[in-house]
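Here's the structure we're looking at; comments come further down.
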Amino acid sequence: VQLQASGGGLVQAGDSLRLSCAASRRTNSNNGMGWFRRAPGKEREFVAAISWRGDNKNVAHSFEDRFSIARDYAKSTVYLQMNSLKPEDTAVYYCAVSRYAGSTSAPEDYNYWGQGTLVTVSS
């Protein structure tokens with residue numbers, strides 16, 4: 001499975017962005033998908049995940065008031081809607097496919113990773 005993330009760019013604080021991540025083929029079985037990010041000089045952190053059916057969503061507490069996740073199973077695409085962006089949201093955002101059906105936040109549960117898309121938020 002290859003993942004292609006898109007939608008990143010340079011925005012101003014307070015703006016919104018929607019990231020997309022398309023899989024090269026429909027994921028097998030029941031695979032959750034997720035988003036992680038790595039800010040400059042920081043460790044990778046979990047952002048959000050969604051179960052294979054899309055009925056179970058897990059958004060990190062730090063972002064749950066601004067970010068949301070959705071997926072289109074037929075298109076093998078997952079989306080990350082980010083609102084009220086802040087300069088501290090500047091990071092490379094990575095999508096990933098989980099080994100499991102649920103919406104896990106553990107990076108070790110993901111076995112396919114995209115190349116990342118850069119989001120830069122100016123103040």
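The values are calculated or read from the model by the stated rules, or taken from the named source; none is laboratory data. Note that the coordinates shown come from a computational prediction; the quantities given were computed from them, not determined experimentally. Here the Cβ positions follow ideal geometry from the backbone for every residue, glycine too, while neighbour counts run over all protein chains shown. Areas reflect the complete protein model, heavy atoms only, side chains present, ligands, DNA and RNA absent. Shrake-Rupley method; radii C 1.70, N 1.55, O 1.52, S 1.80 Å.
Enumerate the calculated ³J(HN,Hα) couplings along the range 49-62 in order (Karplus 6.51 cos²θ - 1.76 cosθ + 1.60, θ = phi - 60°), each rounded to whole Hz, writing x wherever the residue is Gly or Pro.
8, 9, 6, 5, 7, x, 9, 10, 10, 10, 10, 3, 3, 5
7 Å from Cα along Cα→Cβ at both Ser62 and Ala101: what's the point-to-point distance in nm?
My value for the distance between the label points is 3.1 nm.
Rounded to the nearest 0.05, what FRET efficiency is calculated for Asp15 and Glu108 with R0 set to 35 Å and r the Cβ-Cβ distance?
Rounded to the nearest 0.05, the efficiency is 0.60.
If you rank Arg99, Arg37, Arg71 by how much accessible surface each has, with a 1.4 Å probe, what is the order from largest down?
Arg99, Arg71, Arg37
What list of ³J(HN,Hα) values in whole Hz, one per residue of the range 9-18 in order, does the Karplus curve 6.51 cos²θ - 1.76 cosθ + 1.60 (θ = phi - 60°) give from phi, with Gly and Pro shown as x?
The phi angles translate into x, 9, 9, 9, 4, x, 6, 10, 9, 10 Hz.
Quick check for you: with a 1.4 Å probe and neighbouring chains kept, what is the accessible area per residue of the range 1-102, in Å²?
51
Quick one: net charge around Arg44, please, counting Lys, Arg +1 and Asp, Glu -1 for every other residue with C-beta under 9 Å from its C-beta.
Here the charged neighbours net out to +1.
With a 1.4 Å probe and every protein chain kept in, tell me what percent of the accessible surface of the range 42-83 is carbon plus sulfur.
Percent of accessible area from carbon and sulfur atoms in the range 42-83: 40.
Over the chain, calculate the relative contact order: mean separation of alpha carbon pairs under 8 Å at least 6 apart, over the residue count, as a percent.
Answer for the chain is 37 percent.
Scan around Thr90 for amide H atoms under 5 Å from its own, H built in the peptide plane at 1.01 Å from N, and keep only partners 5 or more places away or cross-chain.
So Thr90 has HN proximity to Val121.
Net charge near Ala60, counting Lys/Arg +1 and Asp/Glu -1 over other residues with Cβ under 13 Å of its Cβ?
Its environment carries a net charge of 0.
Output the antiparallel fraction of DSSP beta bridges having both residues in the range 9-123, as a percent to the nearest 5.
90
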